[in-house]
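Note sheet for the following structure.
The values are calculated or read from the model by the stated rules, or taken from the named source; none is laboratory data. Not measured: the values here are computed from a predicted model. Counting neighbours? That spans all protein chains shown, and the Cβs are built from the backbone with ideal geometry, glycine included. Ligands, DNA and RNA are excluded from the accessible area calculation, which covers all protein heavy atoms including side chains. Shrake-Rupley method; radii C 1.70, N 1.55, O 1.52, S 1.80 Å.
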Amino acid sequence: LMRCPSKNDDEVARFIINSIDSSHKNHRLTCDRLEVTLGSLKERYDGPVSLLLDEVDEFVGSTAFQYLSQAAKNDRCRLLLGGKGSLLKKMLEESNPFQCRVHLLRLEPLDETEAINLLFGPIRDLGFDIRDANNVRDAILRWTGKLPHLVQFYGHRLCELMVDGRRTLDVALVEQARDALETFTYFSDPLFKAKDPKLRFIEIGRAS
């Protein structure tokens, strides 16, 4: 949904449906017709349409997604939603329209080759140099556990630092990213928000 031109509910509905069927009538679609339209597509394709929607954080609380939830409940479509913190928080809310109709899928750690490609590939594509690549690799893999969202976080922060001045990635820059307030907040926020005070105390003690 990153390419969706607007957060307007009708525009979101049209963006989703036109990605499947860009017929003339769907260019005038309103979000309240989303379930009916998905029902028509179900009949055409002899089964519910599977919607793989990424970058949904800014949209998941919208009216359009309420209609999507209703459509999924009535087996007009199947949903696989990709996002970050906002999506997770919304899914955990007791009042959210997707409750009891979604399963949380957590990404497993990457293997070493996948993690290295995810980190170094975009950095090299942007034209940045990498000095002492083996030590940079070892540091990132150690601090991220090869979890894809953490590798991406470090890659994003490192690119920001290099865009701001330095054009070379080395261990010193990785340590600068590690020690930044943004990194501390990103890694520690789930610990401080744990509801169980005993769990919060134990986890914060481990982190320190």
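The stretch between Ser40 and Ala172, if pulled fully straight at 0.36 nm per residue, gains 41.8 nm over its current Cα-Cα span. Expressed as a whole percent, the accessible area of the chain that falls on carbon and sulfur atoms is 51 (1.4 Å probe). When the listed pairs Lys84/Lys146; Lys25/Lys90; Lys25/Lys84; Lys73/Lys146 are checked against a 29 Å cut-off, the alpha-carbon distance exceeds it for Lys25/Lys90; Lys25/Lys84; Lys73/Lys146. Note: relative contact order over segment 47-98, using C-alpha pairs below 8 Å and six or more positions apart, is 49 percent. Counting 0.36 nm for each residue step from Arg78 to Asp21 and taking away their Cα separation leaves a gain of 18.9 nm. The angle between the Cα long axis of helix 34-45 and the main principal axis of the chain comes to about 80°, on a 0 to 90 degree scale.
Note on Thr113 and Ser188: with the Förster distance fixed at 35 Å, the Cβ-Cβ geometry gives a FRET efficiency of about 0.75. Modelled this way, with points 7 Å down the Cα-to-C-beta line, the labels at Arg124 and Ser50 are 3.2 nm from one another.
Please give the per residue accessible area of the chain, computed with a probe of 1.4 Å over protein heavy atoms only, in Å².
Computed with neighbouring chains in place, this is 64 Å² per residue.
Sort segment 129-175 into rounded, prolate or oblate with this rule: let a ≥ b ≥ c be the square roots of the eigenvalues of the Cα gyration tensor; rounded if a/c is under 1.5, and if a/c is not under 1.5, prolate when a/b is larger than b/c, oblate otherwise. It is oblate, given that a/c is not under 1.5 and a/b is not larger than b/c. Derived scalar couplings between HN and Hα for segment 117-132 equal 5, 5, 7, 7, x, x, 5, 5, 4, 7, x, 7, 8, 10, 9, 6 Hz in order, rounded to whole Hz, by the Karplus curve 6.51 cos²θ - 1.76 cosθ + 1.60 (θ = phi - 60°), x for Gly and Pro. Protein-only accessible surface at a 1.4 angstrom probe places the residues Arg44, Arg157, Arg106 in the order Arg106, Arg44, Arg157, largest first. Assuming charge only on the beta carbon of Lys and Arg (+1) and of Asp and Glu (-1), the dipole of the chain about its Cα centre is about 420 debye to the nearest 20.
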